[in-house]
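The values are calculated or read from the model by the stated rules, or taken from the named source; none is laboratory data. Because the structure is a prediction, the values reported are computed rather than measured. Heads up, the Cβs are rebuilt from the backbone with ideal geometry, glycines too, and the neighbour counts pull from every protein chain shown. In case anyone asks, the SASA skips ligands and DNA or RNA and just uses the protein heavy atoms, side chains included. Shrake-Rupley method; radii C 1.70, N 1.55, O 1.52, S 1.80 Å.
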Amino acid sequence: MDDPKTYDGLQSIVFFAGFYEGLLPFPAKYFGWRPLLSVPSRMPSPAWWIVATAAVIAAAVLLVLLDNAKKRRFPDA
């Protein structure tokens, strides 16, 4: 990864996945939506809570790790 834009792209993908798989299922279940690619939205009740929460936590951890790696690799960017 020779460019800070690569880290930005990875962070965008992680953010989108964390939102779509972690945050979107909560209002989707409440309003009865069926997002096409949201796996937790199609799961039964106790499992979707666990999967959606794990997705939010994993996305947050990955965003922090990617940001730290970007700052370490490119301190002036």
From the residues in region 36-55 that are in a helix (DSSP H, G or I) and open to solvent by less than 50 Å² (accessible area, probe 1.4 Å), which one is nearest to residue 13 (Cα to Cα)?
55
For region 3-51: of the residues being among the polar types (S, T, N, Q) and more than 30 Å from residue 73 (Cβ to Cβ), which is modelled with the lowest pLDDT?
45
Would you please name the residue that is least open to solvent (accessible area, probe 1.4 Å), looking only at residues in region 20-35 that are within 15 Å of residue 55 (Cα to Cα) and without any contact (Cβ under 8 Å) to a residue 24 or more places away in the chain?
24
For region 36-76, give me each residue that is touching a residue at least 60 places away in the same chain (Cβ under 8 Å), among the hydrophobic types (A, V, I, L, M, F, W, C) and in contact with a helix residue (DSSP H, G or I) (Cβ under 6 Å, 6 or more places away or on another chain).
74
How many of the residues in region 1-18 are in a helix (DSSP H, G or I), open to solvent by 90 Å² or more (accessible area, probe 1.4 Å) and free of Cβ contacts under 8 Å to residues at least 12 places away in the same chain?
3
One residue is enough: does region 70-77 have a residue meeting the conditions among the aliphatic types (A, V, I, L, M) and under 18 Å from the mean Cα position of the chain (by Cα)?
no
